[in-house]
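Notes to accompany the following structure.
The values are calculated or read from the model by the stated rules, or taken from the named source; none is laboratory data. None of the values given here were measured: they were computed from a predicted structure. Note: ideal-geometry Cβ built from the backbone for every residue, glycine included; neighbour counts use all protein chains shown. These area figures cover heavy atoms from the full protein model, side chains too; ligands, DNA and RNA do not enter into them. Shrake-Rupley method; radii C 1.70, N 1.55, O 1.52, S 1.80 Å.
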Amino acid sequence: MISVLLVDDHPVVRAGVRGMLAGEPDIAVVGECSSAAEAVTAVRAVRPDVVLMDLRMPGVDGAAATAEVRAVAPDTRVVVLTTYDTDGDILRAVEAGAAGYLLKDASRTELVDAVRGAARGETVVAPAVAGRVFRQLRHPRPVTLSPREVDVLRLVAQGLSNGEIGLRLHITEATVKTHLLRAFGKLGVGDRTAAVTTAMAAGLLPT
């Protein structure tokens, strides 16, 4: 029997995934969590074979949660299940130790096959995502941020809000958002935390 833990901050998504796995004689959902902290606690308690992990959650995101899960339970396989497929998101999940990366539009068959494959120790990746990973690894694109984008991300790293950043840099909050969105696009991420961590990892921000 393959034990599965669901981690997603949306109850309706967890219910949908549970329903897709229901009826499979060799798969049992042993728990549900809505945050990374809950996930790590649950993994310690039930030691699931597979964790289906959302990528974007309040607080610690799915990539960081994946690394934590792998640290406390190295035998547990984490498959990211998300709506996001930017290059930065994919690579961060892989680097964190994810055994797979599926999009939430996956079919029931794809999801069930992924759970079984992950439990067998296989790497399971949606075909479209796999293509992007290989292209990125073979032809990594150099990323450069403008001086103003660096300034904005540096202040984000210090915990300042957009309004506070605007006051500090003497620009409008709308301009701050514009710089952030441009930085997100260059870094291949979709949120402030990922932008800061990715920029630091690439040496674009002081650590």
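Being acidic (Asp, Glu) and under 25 Å from residue 62 (Cα atoms) is the filter here, so list the residues in segment 170-198 that pass it.
Across segment 170-198, the qualifying residue is only 191.
Among the numbered criteria (1) at pLDDT 95 or above; (2) assigned to a helix (DSSP H, G or I); (3) of a type in the set (S, T, N, Q), which one does residue 41 miss?
Among (1) at pLDDT 95 or above; (2) assigned to a helix (DSSP H, G or I); (3) of a type in the set (S, T, N, Q), residue 41 violates only (1).
Identify, please: which residue in segment 124-142 is surrounded by 15 or more Cβ atoms within 10 Å (Cβ to Cβ) and not in a helix (DSSP H, G or I) and is, among those, modelled with the lowest pLDDT?
Taking the candidates together, the pick is 126.
One residue is enough: does segment 11-25 have a residue meeting the conditions surrounded by 14 or more Cβ atoms within 10 Å (Cβ to Cβ), closer than 25 Å to residue 159 by Cα and acidic (Asp, Glu)?
Looking through segment 11-25, none of the residues is surrounded by 14 or more Cβ atoms within 10 Å (Cβ to Cβ), closer than 25 Å to residue 159 by Cα and acidic (Asp, Glu).
Among the residues of segment 14-64, count how many are of a type in the set (A, V, I, L, M), within 15 Å of residue 193 (Cβ to Cβ) and out of contact with any Gly (no Cβ under 9 Å at 6 or more places or on another chain).
Residues flagged as of a type in the set (A, V, I, L, M), within 15 Å of residue 193 (Cβ to Cβ) and out of contact with any Gly (no Cβ under 9 Å at 6 or more places or on another chain) within segment 14-64 amount to 4.
What do you reckon, is residue 111 in a strand (DSSP E or B) and not basic (Lys, Arg)?
So residue 111 does not fit the description; no.
Mind checking which residues of segment 191-202 are surrounded by fewer than 19 Cβ atoms within 10 Å (Cβ to Cβ) and touching a residue at least 40 places away in the same chain (Cβ under 8 Å)?
Residues satisfying the conditions are 191, 193, 200, 202.
Do we find a residue being of a type in the set (A, V, I, L, M, F, W, C) and closer than 17 Å to residue 15 by Cα anywhere in segment 41-48?
No: zero hits.
Do we have residue 32 as within 18 Å of residue 9 (Cβ to Cβ), open to solvent by 20 Å² or more (accessible area, probe 1.4 Å) and either among the acidic types (Asp, Glu) or in a strand (DSSP E or B) (or both) here?
Yes, satisfied.
Give segment 55-72 a look and list any residue that's out of contact with any Ser or Thr (no Cβ under 9 Å at 6 or more places or on another chain) and open to solvent by 10 Å² or more (accessible area, probe 1.4 Å), or say none.
67, 68, 71, 72
If only one of 102, 91, 52 is open to solvent by less than 40 Å² (accessible area, probe 1.4 Å), at pLDDT 95 or above, outside any loop (DSSP other than H, G, I, E, B) and not charged (D, E, K, R), which one is it?
That would be 52, the only listed residue that is open to solvent by less than 40 Å² (accessible area, probe 1.4 Å), at pLDDT 95 or above, outside any loop (DSSP other than H, G, I, E, B) and not charged (D, E, K, R).
List the pairs whose first member sits in segment 13-29 and is β-branched (Val, Ile, Thr) and modelled with pLDDT of 95 or more, whose second member is open to solvent by 40 Å² or more (accessible area, probe 1.4 Å) and in a helix (DSSP H, G or I), and whose Cβ atoms are under 7 Å apart, counting only residues at least 6 apart or on separate chains?
29/18
So residue 4 clears everything in (1) surrounded by 15 or more Cβ atoms within 10 Å (Cβ to Cβ); (2) within 28 Å of residue 200 (Cβ to Cβ) except one condition, right? Which one?
That leaves (2) as the condition not met.
From the list 108, 44, exactly one residue is free of Cβ contacts under 8 Å to residues at least 40 places away in the same chain and surrounded by fewer than 17 Cβ atoms within 10 Å (Cβ to Cβ). Which is it?
Only one candidate passes the filter, namely 44.
Can you find, within segment 59-87, the residue that is farthest from residue 121 (Cα to Cα) among those that are touching a residue at least 24 places away in the same chain (Cβ under 8 Å), more than 9 Å from the chain's Cα centre (by Cα) and part of a helix (DSSP H, G or I)?
87
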